Amino acid sequence: MTMAQNQDDTIRMPNVTPARLNGRVDALDGNRLHGWIWDEARPEERLTVRLLRDGAPVQEATADQSRIDLRRNGIGDGKHAFAMELDDAVAAARDHLTIIGVSPSTGAELELRLPPPAELAAEAAIAVPLARFFDRVEALIALNRRTQIAQKELGEKLDQIALRLNEDRAPARDAEVEAAREDHISRRLAELDIFQLRFDATLAGFDDRLVTIRKEARAPLRQVTVILGFLSGLAALLSFVTLAVTLVDR
């Protein structure tokens, strides 16, 4: 680190953004220890994970493995996972292990807690339904994209009808039909606009609530309870969105 000296011979330290380390140990499955860690202030950096037994270094790894769930949840580019294969003796000494994440650029450290088996069982109970839930959200986002395309196509048709009416080449009866079609398309566009606003608000609220869950539910067992309650409430909103899309497509 380079230091600058002012004219009055005082030492001026350079401005360094404080590290904001965040991560966790997901599990110790047999002899495999795995989890993730990153520096929110330096998302492009890959941190070092050190394993200690009774305070003595045993081995280390770099948190640079890619995981889709990390990227999906806003953990940088998702390449912040780590895994270690432990010896039998080390894996058996579970209560004597300490896992520490270290920033190579700042030296900042974060001790990663090794969750007990009961806690892992509770998290596993919601892992599958939670994954299905996120799949449904992604499907709704794709559906939202299709409604945007449909909205654009309806707008183009409306422009074509208006052009034909302005040319005044059709008989009066055809003009009435075209006017009725124009009115129908205008109402459909209005419905799509309303749906778009409500859907965007739903997704925004969903993202905000996930951030709140990460901040408030630090204890993993409490996090399981909070997430289950949140999913129950959000299910009603998703049902409304699905119904709205069905009505608009008619």
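The values are calculated or read from the model by the stated rules, or taken from the named source; none is laboratory data. Since we're looking at a predicted model, the values are computed, not measured. Don't worry about glycine lacking a Cβ; one is built from the backbone with ideal geometry, like all the others, and counts go over all protein chains shown.
Summed over the range 47-90, residues that are in contact with a strand residue (DSSP E or B) (Cβ under 7 Å, 6 or more places away or on another chain) and either assigned to a helix (DSSP H, G or I) or outside the structural domain of Leu33 (by TED's automatic domain parsing) (or both) total 2. Among the conditions (1) surrounded by 12 or more Cβ atoms within 10 Å (Cβ to Cβ); (2) in the same structural domain as Val25 (by TED's automatic domain parsing); (3) not in a loop (DSSP other than H, G, I, E, B), the only one that Leu140 does not satisfy is (2).
Scanning the range 136-156 for residues that are at pLDDT below 75 and among the basic types (Lys, Arg) yields one hit, Arg136.
Among the criteria (1) outside the structural domain of Val16 (by TED's automatic domain parsing); (2) surrounded by fewer than 17 Cβ atoms within 10 Å (Cβ to Cβ), the one Gly107 does not fulfil is (1).
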